[in-house]
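Enquirer: Okay, handing you the structure first.
Nothing in this text is a laboratory measurement; each read-out follows from the coordinates by a stated rule. Only a predicted model underlies this, so the values are computations on that prediction, with no experimental measurement involved. Every residue, glycine among them, receives a Cβ derived from its backbone with ideal geometry; neighbour counts consider all protein chains shown.
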Amino acid sequence: MVKHFDPACPKCEKKFHVHHEDLRHAGIKLLCPYCGEQFHVDEAASVVEHDGTLWRPSGTPSR
Ligand SMILES: [Zn+2]
C-alpha cells in the first residue's frame, strides 16, 4: 500500500495530496499545487496522515 499524507500549505493553507515515495530523499521540499509555495513538511500549517491523524509541526509559529 502506498502511503500518503495531506499537508496544508503554510502560505494559502490549502491541503493537497502527497505520496511518501515522493519524499524518499530527506530535505526535499513540497510544492503547493495551488500557489506554488515550496516548503518542508515541518513547515506545513498542519499535516493529515494517511490514517487520518492530524498533527501540527512543532516549528510552526501560531499566527
Ligand atoms: Zn499554497
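Enquirer: Under a Cβ-Cβ cut-off of 11 Å, what is the net charge of the residues other than residue 55 that fall near it, where Lys and Arg count +1 and Asp and Glu count -1?
Expert: Values: positive: 56; negative: 42, 49.
Its environment carries a net charge of -1.
Enquirer: Stretch residue 11-residue 37 to full length: gain in nm at 0.36 nm per residue minus the Cα-Cα span?
Expert: Working: separation 26, 0.36 × 26 = 9.36 nm, distance 0.69 nm.
Length gained, residue 11 through residue 37: 8.7 nm.
Enquirer: Remind me, relative contact order of the range 4-55 in percent, using alpha carbon pairs under 8 angstrom and six or more residues apart? All intermediate terms of the calculation are to be shown ahead of the outcome.
Expert: Details: 80 pairs, mean separation 21.5, N = 52.
Relative contact order here is 41 percent.
Enquirer: Right, something else. For residue 28 and residue 46 in one chain, what is 0.36 nm times their gap in residues minus the Cα-Cα distance, to one decimal in nm? Display every interim value, and only then the final one.
Expert: Values: separation 18, 0.36 × 18 = 6.48 nm, distance 1.74 nm.
Extra length available between residue 28 and residue 46 comes to 4.7 nm.
Enquirer: So, one more: Compute the normalised compactness of the range 4-55: alpha-carbon radius of gyration over 2.2 N^0.38 Å, N being the residue count.
Expert: Numbers: Rg = 10.0 Å, N = 52, 2.2 N^0.38 = 9.9 Å.
In units of the globular-protein estimate, the range 4-55 measures up at 1.01.
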